[in-house]
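The next block holds one structure in the form of structure tokens; read it before the comments.
Quick note: the coordinates plus some simple rules give every number you see, no bench work behind them. This structure is a prediction, so every number in the text was calculated from the model and none was measured. Cβ: placed from backbone, ideal geometry, glycine included. Neighbour counts: every protein chain shown.
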Amino acid sequence: MIDDVSDISAYYDSDPERETRRLDQHQLEHDLTWRYLEKYLPSQGSILEVGAATGRYTLPLAKRGYTLTAVDMSAALLEECRKRLAAEGLQKQVRLVVADARDLGDVTEKEFDAVLLMGPLYHLVVEADRKRALKEAFVRLRKGGIITSSFISRFGIMGYLLRDRPDWIEEQAEARSLLEKGRRPDDFPRGGFRGYLAQASEIPPLHEEIGFETLAMAGVEPAISADDESYNKLQGRQRRLWLDLLYEISAQKSIIDASRHLLYIGKKK
């Protein structure tokens, strides 16, 4: 039996702009993710984006000439995406589908050039559900097609919690469960942000079991812990040079788990 994730869709439906604000705050995550997309995505083709939200990646990918099928479990998020696509005249390049990452039956195409799973996997707390979502992506990729998937780091998140949620440590049952299992205790009430926090070492084997070949693993917030502000205020040449340097070290094994968000790149064998 798959996990009931209606609380997660309700969380996003309640505030469709939440993810946009998050990426506005965490600009290094956004910028480094684009570096990896630019390196590994084909120069043109079709993309299945699962977890498209309000279109933070959808719109610029469409502007670059890709055709996309954008999927999200939140109808409210996709409605915001639709409005933004229409405002930019991009609606003909993107098909929107409300669906769960674990069941993409409404996506009948089987030869996408790339799949982006930029969020669903860290909301699936049951391993079998994460595998189910990856299998759904796998069967819709062409041979040699690229997959990019995102995770929240079990240990990298600590800097954020210490800064923004110092009271969290009082919930010792939750803290111990997170360290040991990567998620809240099973008997905790649902609501708010609920997800699975991964260790970097488990991510390539998870994909490889499905049939993907690992191309890269990176921490997309290397060396900054929870200090987004110092990067965000950079401009011009300094910002580019810092981004160059942080991109260069983002795949170092010693630094990946310390990043809040982890990025996996693979291809279908």
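Numbers at a glance
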read-out: Distance from the stretch 80-137 to the stretch 8-46 (C-alpha centre basis), Å; value: 13 Å
read-out: DSSP-defined antiparallel bridges as percent of all bridges, the stretch 6-268, nearest 5; value: 40 percent
read-out: Those aspartates and glutamates that a straight Cα-Cα span of less than 13 Å connects to residue 63, excepting residues fewer than 8 apart in one chain; value: 88
read-out: Which listed pairs, of 135/181; 233/269; 39/110; 110/253; 83/253; 83/233, have C-alpha distances above 31 Å, in listed order; value: 233/269; 110/253; 83/253
read-out: Per-peptide average of other Cβ atoms within 10 Å, ordering 122-128, 136-142 highest first; value: 136-142, 122-128
read-out: Phi-based couplings in Hz for the stretch 68-82 (Karplus 6.51, -1.76, 1.60; Gly and Pro marked x); value: 10, 10, 9, 10, 8, 7, 9, 5, 5, 5, 5, 5, 5, 4, 4
read-out: Formal net charge of residues neighbouring residue 219 (Cβ-Cβ distance under 15 Å; K, R +1; D, E -1); value: -4
read-out: Convex hull projection area averaged over all views, the chain, Cα basis, nm²; value: 13.9 nm²
read-out: Rel. contact order, % - alpha carbon contacts under 8 angstrom, at least six apart, the chain; value: 22 percent
read-out: Neighbour net charge for residue 159 - beta-carbon separation under 15 angstrom, K R +1, D E -1; value: -3
